[in-house]
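For reference, the structure discussed in these notes is given below.
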Amino acid sequence: MKRILLAAISAVILSISLNGQEKKVYDNGYIVKVGDQAPDFAIMEAGGKSYRLSDLRGKVVMLQFTASWCSVCRQEMPFIEKEIWLPNIKSDLAVIGIDRDEPLDKVLKFKKDIGVTYPLALDPGADIFGLYALKEAGVTRNVIIDRSGKIIFLTRLFDRDEFDLMKKAIVTELARK
């Protein structure tokens, strides 16, 4: 538990300039941290539906950054489906897989191959990913956002203990009204 807590409040490891602005880079290549307001962006689901992240205020949101070529993503996604999405499908939870820089046909095939029912969205140029982490950083990341739009949990890669803590954070936030 201590290790996870320390990761959640990790120290800045370096600063870089992005678009002329100094940005702090945190553990695992994140440029956001727990407690930050989640950067807003337009979502275009692979099924054609579009909206903004800010349109989901009042819901608990899980952004799952993924890609079809990512073996760890493929390992984690069935757990997200079975342990997070399906048990909470009728709740105020929105789970959105953000597919890194792949065309629509590949994203649709990926979704079918993995067998997830939560929406996958397109991220051309990894521009959405770049709002949350360095573009050079790897996928298999989860960003949990509370009802007010603040980041409450961040993960990188798939670790069963961390995954269980993330599930607990989601359930706890869903219980708040």
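Read the figures in this text as sums done on the coordinates, not as results from a lab. Computed from a predicted model, the values in this text were never measured in an experiment. Neighbour counts run over all protein chains shown; Cβ positions are idealised from the backbone, glycine included.
Between their Cα atoms, which of Lys112/Lys168; Lys24/Lys150; Lys106/Lys135; Lys24/Lys111; Lys59/Lys168; Lys135/Lys167 are more than 24 Å away from each other? Before the final figure, lay out each step's value.
Numbers: Lys112/Lys168 28 Å; Lys24/Lys150 18 Å; Lys106/Lys135 20 Å; Lys24/Lys111 33 Å; Lys59/Lys168 16 Å; Lys135/Lys167 26 Å.
Violating the 24 Å Cα-Cα cut-off are Lys112/Lys168; Lys24/Lys111; Lys135/Lys167.
Need one word for segment 36-102: rounded, prolate or oblate. Basis is the Cα gyration tensor (sqrt eigenvalues a ≥ b ≥ c); a/c below 1.5 gives rounded, then a/b vs b/c decides. Don't jump to the answer; show the numbers that get you there.
Values: a/c = 1.75, a/b = 1.17, b/c = 1.49.
Verdict is oblate for segment 36-102.
Starting from the Cα-Cα distance between Lys24 and Lys59, subtract it from 0.36 nm times their residue separation and give me the gain in nm to one decimal.
9.8 nm
How do Trp69, Trp85 line up, fewest other C-beta atoms within 10 Å first?
On the way: Trp69 12, Trp85 21.
Going from least to most buried by this count: Trp69, Trp85.
Long-range amide H contacts for Asp36: which residues qualify at under 5 Å (H placed 1.01 Å from N, peptide plane, sequence gap of 5 or more or a different chain)?
Ile151
Mind listing the long-range amide H neighbours of Asp101? Cut-off is under 5 Å, sequence gap 5 or more, other chains count too, H placed in the peptide plane at 1.01 Å from N.
Hits under the 5 Å cutoff: Asp123, Gly125, Ala126.
For segment 60-70, what does the Karplus curve 6.51 cos²θ - 1.76 cosθ + 1.60, with θ = phi - 60°, yield as ³J(HN,Hα) per residue in whole Hz, taken in order and with x for Gly and Pro?
Whole-Hz 3J(HN,Hα) from phi for segment 60-70: 8, 10, 10, 9, 10, 7, 8, 6, 5, 7, 8.
Would you work out if the chain is rounded, prolate or oblate? Take a ≥ b ≥ c from the square roots of the eigenvalues of the alpha-carbon gyration tensor; rounded if a/c is under 1.5, else prolate when a/b is larger than b/c, oblate otherwise.
On the way: a/c = 1.36, a/b = 1.11, b/c = 1.22.
Rounded is the answer for the chain, as its axis ratio a/c remains below 1.5.
Rounded, prolate or oblate: which one fits segment 97-156, using the alpha carbon gyration tensor with axes a ≥ b ≥ c (rounded when a/c is under 1.5, else prolate when a/b beats b/c, else oblate)?
Values: a/c = 2.08, a/b = 1.39, b/c = 1.49.
Oblate.
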